[in-house]
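Chemist: Dumping the structure here so I can ask a few things about it.
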Amino acid sequence: MKNIFAEFGRSFMATLFFAVILCGLYPLLVFGLAHLLFPRQANGSLLVDGSGTVRGSALIAQDFTAPGYFHPRPSAAGAYGYDAANSGGSNLGPTSQALAAQIAQRLAAYRAENGLPANAVVPADAVTASGSGLDPDISPQNAALQAPRVAKARGLPEQQVRELVRQNTRRRQWGIFGEPRVNVMTLNFALDELARHFALDPPPQK
Amino acid sequence: MNPHQWLELAVYVAALVLVTKPLGLWINRVLDPGGRTWLDPVMRPLEKLTYRVLRVDPAREHDWKQYTFAMLAFSLVSCLFTYAILRLQFYLPLNPQKLGALAPHLAFNTAVSFTTNTNWQSYGGEATMSYFSQMAGLAIHNFFSAAVGIAIAGALVRGVARQTAETIGNFWVDITRIMFLLLLPICVVLAVFLVSQGMIQNFKPYTVARLIEPQTISVQKTDENGKPVTDAKGNPVMVNQTLATQTIVQGPMASQIAIKMLGTNGGGYTNANAAHPFENPTPLSNFVQMLALLCIGSALTCHLGRETKNQKHGWAVWTAMFTMFLAGVMVCWWAEARGNPIHQKLGVAIADGNMEGKEARFGIFDSALFATVTTDASCGAVNSMHDSFTPLGGLVPLFNIQTGEVIFGGVGAGLYGMLIFVILAVFIAGLMVGRTPEYLGKKIEAYDVKMVMLAFVILAFLILGFTAWACASDWGKAGLNNAGPHGLSEILYAYTSGAGNNGSAFAGLNANTPWYDTTLGIDMLLGRFGMIVPLLALAGSLSRKKIVPASVGTFPVSGVTFVVLLVGTVVLVGALTFLPALAIGPIVEHFLMLQGHVF
């Protein structure tokens with residue numbers, strides 16, 4: 001009997017003692033090292049504009065609907081999508097009628113926006129919701145189909161937009177891992193920065 | 001299935017093989033109370049301090065009953081600790097979002113879930129848990145339950161290796177050494193690496209960003225009391241509203257994710273788990289997380305070989321695990337790459353595969369590999385939504401859990417689960433040739449086989465029993481997100497995941513109801529401790545036996561015959577138990593999908 005009480009007392013002490021080290025000192029140590037070595041990442045890879053306002057994170061998608069921006073993947077996060085405090089996917093299964101209807105609707109919208117024929121085959125990432133609902137990346141094929149629309153809406157030469165897409169494309173990491181992809185957040189941010197520079201400092205007239 | 005992906009698979013396998021032996025030897029020293037490591041100058045004083053605080057005499061060992069009691073007492077007390085934190089969340093520090101307390105059923109479910117290394121989550125992390133709850137309520141069990149699992153595997157291996165011994169080790173010494181010499185050092189390095197890839201680690205409130213392009217959304221109008229307004233016909237009145245900001249999750253994520261993966265816990269910091277761009281920022285972070293997830297389970301087979309002085313046996317067990325792992329990856333990858341003909345008929349590119357619920361940076365292969373790895377081990381982290389997988393792609397994670405989580409498995413749990421199958425396999429082999437079955441010189445007798453069968457029966461009973469109950473009840477059907485056979489798969493997956501202590505989900509199921517939270521809580525508790533207790537009894541029984549020298553009639557526990565027999569036993573037991581349920585869930589759904597049926 002005495003042993004039983006001793007073991008419970010020991011369990012209680014162990015919980016508290018380990019908590020101090022594993023839940024207190026360990027996260028603080030990681031916090032210290034992270035802010036010493038990688039402060040930008042540890043704070044969320046935030047995108048800050050010229051006026052010092054936080055406009056988002058390079059890793060977290062926002063919704064874009066205007067023709068002058070590249071559009072991210074559809075999102076099922078939160079009630080209105082792209083809710084960065086409420087991540088998640090649609091969790092609709094392969095034989096879901098609701099999912100098939102959503103995809104049909106997104107296909108029609110995507111073809112109309114980008115001037116594609118009514119039976120055009122569309123990249124899968126453009127019409128399916130991502131797992132997190134915050135996927136900042138689209139496939140290079142998807143970006144290539146959107147580039148002419150963005151160039152036209154912004155009055156930029158298509159070549160220049162394609163060059164920006166190239167700069168915001170990431171290859172397979174170390175040539176091995178993952179898939180090639182284009183980051184919509186940094187790309188759209190760069191498009192706006194470009195516009196702002198032109199406004200402040202127009203190109204010299206000939 | 002392109003060459004890049006084959007290369008990545010090869011790199012993953014190579015990395016797993018390379019890490020197995022060195023880590024196995026390290027674990028071997030950690031599980032030996034007198035074992036020396038180069039971390040001793042730092043960790044030895046901490047270890048000694050722990051023994052003094054806990055009043056533990058490291059030289060005194062436990063018999064199996066004392067060991068079991070210490071393990072149960074520690075699990076119970078730490079579970080109550082977490083329950084208290086979750087219920088009192090609102091009054092505790094580090095809660096910048098002012099998140100309220102959890103309801104009793106959710107707090108019970110969550111505390112049990114993390115104590116049992118399941119990490120089933122009926123909640124969305126970022127909208128429910130304060131930083132304090134994440135760190136002290138949840139991450140603490142990521143360490144504890146992992147250490148308990150490894151300790152039990154270590155105790156069972158001692159039982160196999162020793163002869164005529166009454167004791168199987170000291171529980172407190174085992175978990176202390178596992179936490180300080182194995183888990184903590186790797187986690188520090190892993191966490192800092194994950195931050196380098198883009199994972200967050202801070203204590204600031206969620207960031208409010210001004211949207212680059214403000215959006216107009218349609219919301220239901222509310223009156224001055226905040227009540228939703230409806231028109232005369234009862235339809236909601238909608239008004240347009242401008243959405244100008246985005247609230248971005250923050251917090252101490254990296255420190256928690258490192259142990260979440262290494263300890264095969266899998267409980268996400270965020271709702272989207274490892275699909276969230278902060279929780280798994282790059283394909284490289286994904287690769288390293290997958291490696292962290294399987295490495296201890298893989299290395300423990302090396303420890304088994306070393307401890308029983310039969311390294312070939314260790315590698316034979318590894319090979320059996322690896323064979324089933326590879327088969328799972330192939331099926332899941334093939335099914336997802338093939339995609340969904342219903343969507344392809346509408347105009348979705350066939351070459352892209354099934355991308356619903358997957359992230360662009362991972363694509364088909366990394367998602368399929370992750371899904372297989374996380375269910376081989378009892379991890380349950382997900383980097384894509386399993387609910388949206390094709391039927392056969394989703395069958396693989398489901399069946400992986402139903403094998404009893406023995407394909408490398410959860411840390412410790414995988415090895416002790418597999419040893420049950422090993423004993424069953426030698427028992428069957430013994431019956432076939434008409435000899436008393438023996439395992440590494442230990443005679444396997446009626447008591448041992450009874451304990452083994454008890455562990456199997458509990459798993460089957462929990463999964464099928466609870467699924468049948470939920471399917472036949474209104475509370476069960478009310479939680480469904482999908483109709484047709486997929487609905488059955490959602491329920492089956494939930495109780496499979498709970499009993500197998502995996503924690504992944506067909507996450508469309510709304511399980512945060514009193515009925516689901518409670519039944520899943522019981523499912524997880526019995527799935528964990530209903531298996532561990534018979535197993536420790538088995539360890540006690542084995543340790544007392546004499547080792548008889550091998551003779552020509554001894555069935556060898558290494559070599560191809562043994563591997564085939566072991567894989568056959570695992571697959572057969574799983575298939576015999578679960579095939580009927582799988583046939584009316586994912587298998588029939590597969591054929592309906594090919595026919596173009598939707599629900």
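The values are calculated or read from the model by the stated rules, or taken from the named source; none is laboratory data. Bear in mind that the values here come from a model prediction, so they are computed numbers and not experimental data. Please note: Cβ atoms are built from the backbone with ideal geometry, for glycine as well, and neighbour counts cover all protein chains shown. Side chains included, ligands, DNA and RNA excluded: accessible areas come from the protein's heavy atoms. Shrake-Rupley method; radii C 1.70, N 1.55, O 1.52, S 1.80 Å.
Chemist: Over chain A, what relative contact order in percent results from Cα pairs under 8 Å that are six or more residues apart?
Modeler: The normalised contact order for chain A reaches 19 percent.
Chemist: Another question about this same structure. Taking only Cα atoms and a 10 Å spring cutoff, compute GNM fluctuations for chain A and point out the largest among A:188, A:168, A:119.
Modeler: A:119
Chemist: Calculate, in nm to one decimal, what residue B:55 and residue B:457 gain on full extension: separation in residues at 0.36 nm each, minus their alpha carbon distance. Intermediate results must be reported in sequence, preceding the final value.
Modeler: Working: separation 402, 0.36 × 402 = 144.72 nm, distance 3.84 nm.
Result: 140.9 nm gained on full extension.
Chemist: Something else: Using a 1.4 Å probe on the protein heavy atoms, what percent of the accessible area of the stretch B:240-297 belongs to carbon and sulfur?
Modeler: 48
Chemist: Hey, another quick one. Compute the helix-to-body angle for A:140-154: its Cα long axis versus the longest principal axis of chain A, expressed 0 to 90° and rounded to tens.
Modeler: Between the helix axis and the principal axis of chain A, the angle is about 60 degrees.
Chemist: For the stretch B:167-285, what does the alpha-carbon gyration tensor say about shape, rounded, prolate or oblate, given a ≥ b ≥ c as the root eigenvalues, a/c under 1.5 as rounded, and a/b over b/c as prolate? All intermediate terms of the calculation are to be shown ahead of the outcome.
Modeler: Numbers: a/c = 3.92, a/b = 2.34, b/c = 1.67.
It comes out prolate by the Cα gyration axes.
Chemist: Could I ask something else about it? Using all alpha carbons of chain B, what is the percent of pairwise distances in each 20 Å bin, ordered from the shortest bin to the longest?
Modeler: Here the calculated profile for chain B is 20, 54, 22, 3, 0.
Chemist: At 10 °C and a viscosity of 1.306 mPa s, what translational diffusion coefficient does Stokes-Einstein give for the stretch A:1-90, taking Rh as the Kirkwood radius over Cα pairs? Give it in µm²/s as a whole number.
Modeler: In µm²/s, the coefficient is 90.
Chemist: How much FRET efficiency would the formula 1/(1 + (r/R0)^6) give for residue B:475 and residue A:159, where r is the Cβ-Cβ distance and R0 is 56 Å, rounded to 0.05? Before the final figure, lay out the partial values.
Modeler: Working: r = 60 Å, r/R0 = 1.08.
Approximately 0.40, to the nearest 0.05.
Chemist: A further question follows. Kindly express, to the nearest 10 degrees and within the range 0 to 90, the angle between helix A:184-200's C-alpha long axis and the longest C-alpha principal axis of chain A.
Modeler: 50
Chemist: Which links in B:65/B:309; B:21/B:48; B:309/B:546 stretch past 20 Å when you go from one Cα to the other?
Modeler: Beyond 20 Å: B:65/B:309; B:21/B:48.
Chemist: On average, how much accessible surface per residue is there in chain A, in Å², for a 1.4 Å probe, leaving out ligands, DNA and RNA?
Modeler: 45
Chemist: How large is the direction-averaged shadow of the alpha-carbon convex hull of the stretch A:88-163, in nm²? Please list the in-between numbers first.
Modeler: Details: hull surface 23.1 nm².
Convex hull of Cα atoms, orientation-averaged projection: 5.8 nm².
Chemist: Next question, about the same structure. Can you pull the percent of chain A's accessible area that's carbon plus sulfur, 1.4 Å probe, other chains left in place?
Modeler: 62
Chemist: State the percent of C-alpha pairs, over all pairs in the stretch B:207-248, separated by a distance greater than 16 angstrom.
Modeler: In whole percent, the share of Cα-Cα pairs in the stretch B:207-248 beyond 16 Å is 51.
Chemist: What range in chain B is the longest one free of GluC sites (Glu not before Pro) that are in a loop by DSSP and have at most 12 other Cβ atoms within 10 angstrom?
Modeler: In chain B, the maximal stretch lacking such sites is B:225-599.
Chemist: Another question, then. Quick check for you: with a 1.4 Å probe and neighbouring chains kept, what is the accessible area per residue of the stretch B:471-566, in Å²?
Modeler: 34
Chemist: For the stretch A:112-206, what is one quarter of the convex hull surface built on the Cα atoms, given in nm²?
Modeler: 8.3
Chemist: Where does the stretch A:34-74 land on the Kirkwood hydrodynamic radius, alpha-carbon pairs, in angstrom?
Modeler: It is 12.0 Å.
Chemist: Let me ask something additional. Quick one: Kirkwood hydrodynamic radius for the stretch B:89-187, alpha-carbon pairs, angstrom, one decimal?
Modeler: Numbers: mean 1/r = 0.0646 Å⁻¹.
The answer is 15.5 Å.
Chemist: Treating only the Cβ atoms of Lys and Arg (+1) and Asp and Glu (-1) as charged, compute the dipole magnitude of chain B about its Cα centre; round to the nearest 20 debye.
Modeler: Approximately 1560 debye in magnitude.
Chemist: Given a 10 angstrom Cα cut-off, can you work out which residue in A:113, A:179, A:193 is the most mobile in a GNM of chain A?
Modeler: A:179
Chemist: Assuming R0 = 51 Å, can you tell me the calculated FRET efficiency for the pair residue B:230 and residue B:2, based on Cβ-Cβ distance, to the nearest 0.05?
Modeler: 0.45
Chemist: I'd like to check one number: the per residue accessible area of the stretch B:207-248, probe 1.4 Å, reported in Å² as a whole number.
Modeler: Numbers: 2830 Å² over 42 residues.
With all protein chains present, the stretch B:207-248 gives 67 Å² per residue.
Chemist: Provide the net charge surrounding residue A:158, with neighbours chosen by a C-beta distance below 12 Å and charges set as Lys +1, Arg +1, Asp -1, Glu -1.
Modeler: On the way: positive: A:149, A:152, A:154, A:162; negative: A:163.
Net charge in that neighbourhood comes out at +3.
Chemist: Also: What is the local net charge at residue B:231, summed over the other residues whose Cβ is closer than 15 Å to its Cβ (Lys, Arg +1; Asp, Glu -1)?
Modeler: Taking every Cβ under 15 Å from that of residue B:231, the sum is +2.
Chemist: To continue, here is another question. List the residues, sorted by chain then number, that are 5 or more residues from residue B:207 or on another chain and whose placed amide H is less than 5 Å from its amide H.
Modeler: Result for residue B:207 returns B:248, B:250.
Chemist: Using every alpha carbon pair in the stretch B:267-315, what percent of pairs falls into each 10 Å bin from 0 up to the bin containing the largest distance?
Modeler: Answer for the stretch B:267-315: a P(r) of 25, 32, 20, 19, 5 percent.
Chemist: Could you work out how far the C-alpha centroid of the stretch B:139-153 sits from that of the stretch A:83-155, in angstrom?
Modeler: So the separation of the two Cα centres works out to 42 Å.
Chemist: Another question about this same structure. Give the residue from B:88, B:268, B:440 lying farthest towards the positive end of the charge dipole for the protein assembly as shown; charges sit on Cβ (+1 for Lys and Arg, -1 for Asp and Glu) and the dipole is referred to the Cα centre.
Modeler: So the residue furthest toward the plus end is B:440.
Chemist: Which number comes out as Rg/Rh for the stretch B:449-599 once both Rg and the Kirkwood Rh are worked out on C-alpha atoms?
Modeler: 1.09
Chemist: Give the A-B buried accessible area in Å², both sides summed, 1.4 Å probe, nearest 100. Walk me through the numbers on the way to the answer.
Modeler: Numbers: alone 13830 and 24260 Å², together 29260 Å².
Chains A and B together bury approximately 8800 Å².
Chemist: If you keep only loop residues by DSSP, which trypsin sites (Lys or Arg not before Pro) in the stretch B:59-155 have at most 16 other Cβ atoms within 10 Å of their Cβ?
Modeler: Passing both the DSSP loop test and the Cβ count: B:60, B:98.
Chemist: Suppose R0 equals 45 Å. What FRET efficiency, 1/(1 + (r/R0)^6) with r the Cβ-Cβ distance, do residue A:169 and residue A:16 give to the nearest 0.05? Mind dumping the intermediate values first?
Modeler: Values: r = 51 Å, r/R0 = 1.12.
The computed FRET efficiency comes out at 0.35.
Chemist: On alpha-carbon atoms, Rg over Rh for the protein assembly as shown using Kirkwood Rh?
Modeler: 0.99
Chemist: Label chain A by shape, choosing from rounded, prolate and oblate, from the square roots a ≥ b ≥ c of the eigenvalues of the Cα gyration tensor; if a/c is under 1.5 it is rounded, and otherwise prolate applies when a/b is larger than b/c, oblate when it is not.
Modeler: Details: a/c = 3.08, a/b = 1.68, b/c = 1.83.
In terms of gyration-tensor shape, oblate.
Chemist: Okay, next question. Just tell me which lysines come within less than 27 Å, Cα to Cα, of residue B:227; anything on the same chain fewer than 8 places away is out.
Modeler: B:98
Chemist: Round to the nearest 10 and give me the degree value, 0 to 90, for the angle of helix A:158-167's Cα axis relative to the longest principal axis of chain A.
Modeler: Tilt relative to chain A: about 20 degrees.
Chemist: Can you list the aspartates and glutamates whose alpha carbon sits under 15 Å from that of residue B:221, skipping same-chain ones fewer than 8 residues off?
Modeler: Within the straight-line limit of under 15 Å, residue B:221 reaches these aspartates and glutamates: B:231.
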